[in-house]
Amino acid sequence: MKPKAKAEGGFGEVLKIFVSAFFIAFLIRSFAYEPFSIPSGSMQPTLEIGDTLFVSKFAYGYGPYSIPFVRLPFEGRIWGEDAKRGDIIVFKLPTDPSTDYIKRIIGLPGDTVQVRDGLLYLNDNPVPREFVGDSLEFFSGIRIPRQVFIEDLPDAEPYAIHEQGPGEPLDNTRLFKVPANHYFVMGDNRDGSQDSRVFSKVGYIPAENIVGRAERIFYSVEEGEPWWQFWRWGEVMRTERTFMSVYAEPDL
């Protein structure tokens, strides 16, 4: 009988370890950092398809969507600081809270935002940008030409954006005035991003919809490669992007 008791004890210990590890991972993901994989090219050239990021859950405090798979029964946010211009955030889509988006904050509460002939205007002032060259963006194996600019929002670090060229659908918008407790967000791939300019789908982002602030790339694999095939990481990983800050100075 003793060997049986020992076997039962061994299974119990394994179960305890498994439950403890799951609980610790759940706490980290809920209150510290949550991984987020980039599924589209809407934030190129800053973020590439195949990047997996650490998203800080405590940067702006905690809101109804801070805990994965659960909507907490309160409104607003507790603790933390307000989001800033230039921050890259993961948020729940206002028109479909089951969907996560990632974009850059352009307008704060009270700001006016407009795009005129492809140029971004903030509070009726053009946001400075500098043309730095042409680039080829690879999307599903297709090479798409892009113009690359460095944009310089007030009170934010400069960052790179992609433009396809003049005459694109979102190159001219109405004037947006950001309401209290909301943000206006845009993708860095300006002609390939569905963002606050598309009011019927995205619009203004309530502060309580923010999941967290993107911080650092954990690892990155080539587009189309499964991230979970860790035994192939040596072949498909973009090592130059590993542990890179998403706010690093553009390397162009």
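Summing charges over neighbours of R232, with a neighbour being any other residue whose Cβ is under 15 Å away from its Cβ, gives -3 when K and R count +1 and D and E count -1. Surface composition of the chain: carbon plus sulfur atoms hold 60% of the accessible area, using a 1.4 angstrom probe and ignoring ligands, DNA and RNA.
A simple rule links phi to the HN-Hα coupling: the Karplus curve 6.51 cos²θ - 1.76 cosθ + 1.60 with θ = phi - 60°, which for the stretch 32-39 gives 10, 9, 10, x, 9, 9, 8, x Hz, with x for Gly and Pro. Test of understanding: in a Gaussian network model of the chain with alpha carbons linked when under 10 Å, which of G41, G12, G63 would top the mean-square fluctuation ranking? Residue with maximal mean-square fluctuation among G41, G12, G63: G12. Is it possible to state the helix-based mean residue ellipticity at 222 nm for the chain, with each DSSP H run of 4+ residues giving -39500 (n - 2.57), the sum divided by total residues, to the nearest 500 deg cm²/dmol? What is it? It lands at -4500 deg cm²/dmol.
Using the Cβ of V221 as centre and a radius below 13 Å, the other residues enclosed give a net charge of -4, where K and R count +1 and D and E count -1. Taking the chain as a Gaussian network of alpha-carbon nodes connected by springs under 10 Å, the highest mean-square fluctuation of the residues R71, R104, R146 belongs to R71.
For the pair the stretch 97-168 / the stretch 237-252, the C-alpha centres are spaced 19 Å from each other. Angle of helix 2-31 to the longest C-alpha principal axis of the chain, folded into 0 to 90 degrees and rounded to 10: 20°.
In the elastic network of the chain, a GNM with C-alpha springs shorter than 10 Å, the most mobile of T95, T52, T173 is T95.
Taking square-rooted eigenvalues a ≥ b ≥ c of the alpha carbon gyration tensor, is the stretch 20-88 rounded, prolate or oblate, where a/c under 1.5 means rounded and, failing that, a/b exceeding b/c means prolate? Note, shape of the stretch 20-88 comes out oblate. Which of the following values of Rg and Dmax of the Cα atoms in Å was calculated from the structure shown: [x] 21.0, 82; [y] 18.6, 57; [z] 17.7, 54? Only one option fits the structure, namely [x]. Site pair E157 and N172 shows an inter-label distance of 3.6 nm when each label is modelled 7 Å from Cα along Cα→Cβ. Residues K103, K84, K16, sorted by accessible area with the largest first, give K16, K84, K103 [1.4 Å probe; ligands and nucleic acids excluded]. When ligands, DNA and RNA are left out and all protein chains stay put, how many square angstrom of accessible area per residue does the chain have with a 1.4 Å probe? On a per-residue basis, 54 Å². Charged neighbours of D87, selected by a Cβ distance under 9 Å, balance to +4 (K, R count +1; D, E count -1). Taking every lysine pair in the chain that is 8 or more places apart or spans two chains, those with Cα atoms closer than 18 Å amount to 11.
Answer rounded, prolate or oblate for the stretch 118-231, using the Cα gyration tensor with square roots of eigenvalues a ≥ b ≥ c: rounded when a/c is under 1.5, else prolate when a/b is larger than b/c, else oblate. Here the stretch 118-231 falls in the oblate category. Once the chain from K16 to S200 is taken as fully extended at 0.36 nm per residue, the excess over their C-alpha distance is 61.4 nm.
Taking 0.36 nm per residue of sequence separation and removing the Cα-Cα distance, the W231/S30 pair yields an extension gain of 69.5 nm. Here the stretch 45-141 is treated as a Stokes sphere of Kirkwood radius computed over C-alpha pairs; at 10 °C and 1.306 mPa s its diffusion coefficient rounds to 96 µm²/s.
Extension gain for L136-S245 works out to 37.0 nm (0.36 nm per residue, less the C-alpha to C-alpha distance).
Under 5 Å from the amide H of G50 lie the amide H atoms of I38, each residue being 5 or more positions distant or on a separate chain, with H modelled from the backbone and absent for Pro and chain starts. Each residue of the stretch 118-135 was assigned a 3J(HN,Hα) from its phi angle through the Karplus curve 6.51 cos²θ - 1.76 cosθ + 1.60 (θ = phi - 60°); the sequence is x, 9, 7, 10, 10, 6, 6, 10, x, 7, x, 8, 10, 6, 10, x, 9, 8 Hz, with glycine and proline shown as x.
The values are calculated or read from the model by the stated rules, or taken from the named source; none is laboratory data. Note that the coordinates shown come from a computational prediction; the quantities given were computed from them, not determined experimentally. FYI the Cβ positions are ideal-geometry reconstructions off the backbone, even for glycines, and counts take in every protein chain you see. The area values use the complete protein model at the heavy-atom level, side chains included, leaving out ligands, DNA and RNA. Shrake-Rupley method; radii C 1.70, N 1.55, O 1.52, S 1.80 Å.
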